[in-house]
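Worksheet: the structure to be examined is printed underneath.
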Amino acid sequence: VPDGIEIAPRRAAPGDVVLVSGDIARHGIAILALREGLELGTTLVSDSAPLNGLVENLLGALGRDVHVLRDPTRGGVASVLNEIARDAGVGIEVAEAAFPLAEEVRGACELLGLDPLYVANEGKLLAFVARARAEEALATLRAHPLGREAAIAGEVTAAHPGKVVLRSLAGGRRVVDLLTGDPLPRIC
């Protein structure tokens, strides 16, 4: 990280935009399918990848306007968002429809009764950036091979500090809680 740039959960601030670098839950479902011998009608491959180049590009383009970077591994996107909301004392609002999700992963999650927000990821990151630079951040992520499917997933708010709220596909809203147990056994 270049001098003068601080990346920390406590830097998440109301107005920040939350970006995800690509489709979620692929790694966890790929490992689960392989481990349990599940026939899903397709071969899922883990998306494990080094993120240093993607991060370098994002920091090079936005510098100090990148406030938080996290990899949503164990506990998935939901756990990371909850940790950041708690540590920064802010609320986070996300849209279910905004998270890229491969059709085969969506189908496997539905079949297994899993919420993809809680499934492990590798080769993905969440970035919290200043609102004024959100479109530039999105373009920067999408210009990198590991960020082609990047999306704006939500925003940081002063409302409901410490909580993550999801706007569902049906238009309702629900709190995305921190897991009290693991829906999946440790996979890595």
request  = For the chain, with a Gaussian network of springs between Cα atoms less than 10 Å apart, report the residue from Pro14, Pro116, Pro145 with the top mean-square fluctuation.
outcome  = Pro145
ask   = For the chain, what are the per-bin percents of Cα-Cα distances with bins 5 Å wide, up to the bin holding the maximum?
value = 1, 8, 17, 21, 20, 16, 10, 4, 2, 0
key: Modelled FRET efficiency - R0 30 Å, Glu103 with Arg174, Cβ distances, 0.05 increments   = 0.80
task = Can you tell me the FRET efficiency between Ile5 and Glu36 if r is taken as the Cβ-Cβ distance and R0 is 25 Å, rounded to the nearest 0.05?
result = 0.05
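Give me the percent of the accessible area of the chain that comes from carbon and sulfur atoms, probe 1.4 Å, all protein chains in place. Write out the running numbers ahead of the final one.
On the way: 4500 of 8880 Å².
The nonpolar share, carbon plus sulfur, comes to 51 percent.
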message = Could you report the accessible area of Ile7 in Å², rounded to 10, computed with a 1.4 Å probe on the protein chains as they sit in the structure?
response = 50
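Report the antiparallel proportion of the DSSP beta bridges in the chain as a percent, rounded to a multiple of 5.
Numbers: 19 of 23 bridges.
Percent antiparallel among DSSP bridges in the chain is about 85.
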note = The simple spin-label model distance between Ala13 and Glu110, using points 7 Å out along Cα→Cβ, in nm, is 4.2
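The values are calculated or read from the model by the stated rules, or taken from the named source; none is laboratory data. Because the structure is a prediction, the values reported are computed rather than measured. A quick note on method: Cβ atoms are made from the backbone with ideal geometry, for glycine too, and the neighbour counts reach across all protein chains shown. Side chains included, ligands, DNA and RNA excluded: accessible areas come from the protein's heavy atoms. Shrake-Rupley method; radii C 1.70, N 1.55, O 1.52, S 1.80 Å.
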